[in-house]
Amino acid sequence: MPAIILDGTRIASDIRAEVAADVRAMAAARVRPGLAVVLVGHNPASEIYVRGKVKACQEVGIYSEQHSPADTATTDELLHLVEDLNRRDEIDGILVQLPLPPQVDSKRVLMAVDPAKDVDGFHPVNVGFLSTQRPGLIPCTPAGVIEILKRSNIPIAGQEAVVVGRSDIVGKPAAMLLLNANATVTVCHSKTHDLPGVCRRADILVAAIGRAGMITRDFVKPAATVIDVGMNQVTDPAEFKRLFAGNAKRAESFQAKGSTLVGDVHPEVAEVAGAITPVPGGVGPLTIAMLMFNTVKAARMLRGKWSVASGQ
Ligand code: GUN
């Protein structure tokens with residue numbers, strides 16, 4: 001039986017509708033959550049992501065502003081910008097889009113963001129809150145992974161969860177969230193011995209590696225839930241063929257555009273898994289939805305006691 005497709009676009013749209021309702025409730029009390037996005041330079045992928053974030057703010061009613069320092073910006077200039085945003089009362093969330101140019105000390109800049117406004121959840125204070133199960137701001141993509149599981153009624157407690165990838169942005173916080181939800185968690189990486197064998201233990205397999213179609217069917221226990229966090233642009237025709245042989249629809253769009261978006265999970269896994277997130281349309285849309293959620297959460301925490309429906 002082919003896997004159930006977990007529809008991230010639908011789940012993200014549900015969350016955005018809930019956030020929009022929260023924003024309307026706050027508006028009645030004359031409060032408008034505000035997000036500042038800092039985009040340094042002209043990284044094309046970052047420009048697309050930031051456009052999506054600003055558009056989502058407009059749709060849910062969050063005030064947003066974009067700051068676009070040149071790609072020659074120094075660490076000091078960015079520290080000043082962040083400090084200014086920290087001070088402004090109408091700004092509840094600050095997001096510094098990564099990657100920053102090489103001359104910038106990214107860790108220093110991220111550390112300068114007020115933890116109460118750190119809607120990416122990257123500040124060590126929020127990392128510490130997450131690992132000690134205190135309320136705080138949780139990184140958007142891992143939070144989205146948990147939302148997909150919960151809203152699809154996939155049990156987490158007591159399950160074997162395997163996370164492939166140990167990045168600070170996705171792998172580590174995803175592992176921590178699964179652990180906090182009482183899964184038995186294994187984190188794998190490039191030095192893991194017998195990666196397919198370890199992955200086959202998983203009831204919930206989270207792939208956050210950044211390599212197109214690396215997770216093939218031999219990594220997956222039959223009926224497991226597979227969450228694909230990968231976003232890889234494939235341009236090589238041989239690689240396309242390895243992934244999508246026989247898929248006429250994909251071939252047509254690959255021919256037209258010269259590239260296609262692929263996750264870390266090979267499409268053949270859908271023949272083995274019990275449930276799987278597609279790429280595109282799986283985890284991706286959740287990242288922005290959870291950013292909207294975090295901005296409202298930050299506003300609620302900063303501005304006082306908001307008894308709103310989706311309060312966490
Ligand atoms: N670059 C890629 N993913 C992210 C993210 O989740 N947040 C930020 N700030 N930058 C990113």
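The values are calculated or read from the model by the stated rules, or taken from the named source; none is laboratory data. Source: prediction; values computed, not measured. As a convention, Cβ positions derive from the backbone with ideal geometry for all residues, glycine included, and neighbour counts pool all protein chains shown.
For the range 276-290, state whether one or more residues are within 16 Å of the ligand (Cβ to nearest atom), modelled with pLDDT of 95 or more and among the hydroxyl-bearing types (Ser, Thr, Tyr). Scanning the range 276-290, I find at least one residue that is within 16 Å of the ligand (Cβ to nearest atom), modelled with pLDDT of 95 or more and among the hydroxyl-bearing types (Ser, Thr, Tyr), so the answer is yes. Of Pro285, Pro196, Pro237, all but one fail to be closer than 24 Å to Ile156 by Cα and surrounded by fewer than 17 Cβ atoms within 10 Å (Cβ to Cβ); the exception is Pro196. Of the residues making up the range 36-78, just one is more than 16 Å from the ligand (Cβ to nearest atom), polar (S, T, N, Q) and touching a helix residue (DSSP H, G or I) at 6+ places or on another chain (Cβ under 7 Å), namely Thr75. Restrict the check to the range 207-218 and report whether at least one residue is free of Cβ contacts under 8 Å to residues at least 40 places away in the same chain, surrounded by fewer than 24 Cβ atoms within 10 Å (Cβ to Cβ) and out of contact with any helix residue (DSSP H, G or I) (no Cβ under 7 Å at 6 or more places or on another chain). No, the range 207-218 contains no residue that is free of Cβ contacts under 8 Å to residues at least 40 places away in the same chain, surrounded by fewer than 24 Cβ atoms within 10 Å (Cβ to Cβ) and out of contact with any helix residue (DSSP H, G or I) (no Cβ under 7 Å at 6 or more places or on another chain).
Does the range 93-120 hold any residues that are among the hydrophobic types (A, V, I, L, M, F, W, C) and either under 16 Å from His67 (Cβ atoms) or part of a strand (DSSP E or B) (or both), and which are they?
Those that are among the hydrophobic types (A, V, I, L, M, F, W, C) and either under 16 Å from His67 (Cβ atoms) or part of a strand (DSSP E or B) (or both): Ile94, Leu95, Val96, Leu98, Leu100, Val104, Val109, Leu110, Ala112, Val113, Val119.
Conditions (1) away from the ligand (no atom under 11 Å from the Cβ); (2) surrounded by 15 or more Cβ atoms within 10 Å (Cβ to Cβ); (3) touching a residue at least 60 places away in the same chain (Cβ under 8 Å), marked per residue:
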site	(1), (2), (3)
His80	yes, no, no
Glu83	yes, no, no
Arg87	yes, no, no
Ile94	no, yes, no
Leu98	no, yes, yes
Pro102	yes, no, no
Gly121	no, yes, yes
Val127	yes, yes, no
Gln133	yes, no, no
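Within the range 26-48, work out how many residues are crowded, with 16+ Cβ neighbours inside 10 Å and out of contact with any strand residue (DSSP E or B) (no Cβ under 6 Å at 6 or more places or on another chain). Total meeting the criteria: 8.
Report, ordered by the first and then the second residue, all pairs with beta carbons closer than 6 Å, sequence separation of six or more or different chains, a first member in the range 160-174 that is in contact (Cβ under 8 Å) with a residue 12 or more places away in the chain and closer than 10 Å to Thr141 by Cα, and a second member that is part of a strand (DSSP E or B) and within 16 Å of the ligand (Cβ to nearest atom). These pairs meet every condition: Ala174/Val206.
What are the residues in the range 149-175 that are within 16 Å of the ligand (Cβ to nearest atom) and surrounded by fewer than 24 Cβ atoms within 10 Å (Cβ to Cβ), if any?
Gly165, Arg166, Ser167, Asp168, Ile169, Gly171, Lys172
The residues of the range 240-294 that are among the polar types (S, T, N, Q) and either outside any helix (DSSP H, G or I) or within 22 Å of the chain's Cα centre (by Cα) (or both), listed by number, are Asn247, Ser259, Thr260, Thr277, Thr287, Asn294.
Number of residues in the range 27-38 that are touching a Phe, Trp or Tyr at 6+ places or on another chain (Cβ under 9 Å) and assigned to a loop (DSSP other than H, G, I, E, B): the value is 4.
May I ask you to say which residue of Gly41, Gly52 is touching an Asp or Glu at 6+ places or on another chain (Cβ under 6 Å) and under 17 Å from Gln97 (Cβ atoms)? Quick ask: steps written out before the conclusion?
Working: Gly52 fails: touching an Asp or Glu at 6+ places or on another chain (Cβ under 6 Å).
Only one candidate passes the filter, namely Gly41.
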